[in-house]
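Remarks on the structure that follows.
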């Protein structure tokens with residue numbers, strides 16, 4: 001995993017995820033994703049083999065179905081390894097704002113998995129430092145707010161693999177594009 005100090009575009013998005021606490025910023029991670037770029041495309045397969053196009057299309061469809069089944073099976077394993085859930089309010093390549101019913105502690109470190117897509121299952125993971133979002137200055141009950149599952153928290157990513165960073169950045173741009181199209185058609 002690489003350490004990033006860059007600024008990235010962020011998007012307001014509802015993304016579910018899983019979380020597990022770490023003993024510190026350099027604790028070993030347990031999740032490894034396979035980058036989508038390692039998959040062979042239909043055009044590459046056609047160029048590299050003498051198979052008929054209809055058969056290549058069939059193989060690609062089977063590959064997608066197998067990926068879906070394996071993703072659903074893997075999701076069950078993730079629930080065991082990452083016991084807490086969260087939902088994002090905003091996400092970017094540098095971090096996220098989120099809510100969770102997990103017993104969050106300021107300045108703690110966690111490994112998170114973001115479910116960026118359902119079919120096929122798009123996953124990205126990162127390690128980050130958790131902080132409560134600053135309560136409004138007029139709030140005199142900060143401690144009670146931190147105990148609330150609706151209080152937003154912020155995670156600044158401290159370690160993220162390049163492939164996971166790329167997946168998050170691609171998700172942010174796709175969400176922004178989707179929102180712009182929706183806004184355009186709503187006028």
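Bear in mind these aren't lab numbers, they're just calculated from the coordinates by the rules spelled out. These figures come from a predicted structure and were not determined experimentally. Virtual Cβ from ideal backbone geometry, glycine too; neighbours counted across all protein chains shown.
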Label-point separation, residue 64 to residue 80 (7 Å along Cα→Cβ), nm:
3.1
Testing the spin-label approximation: label points 7 Å from Cα along Cα→Cβ at residue 56 and residue 8. State their distance in nm.
3.3
Between residue 16 and residue 43, what's the calculated FRET efficiency when r is the beta-carbon distance and R0 is 35 Å? Round to 0.05.
0.60
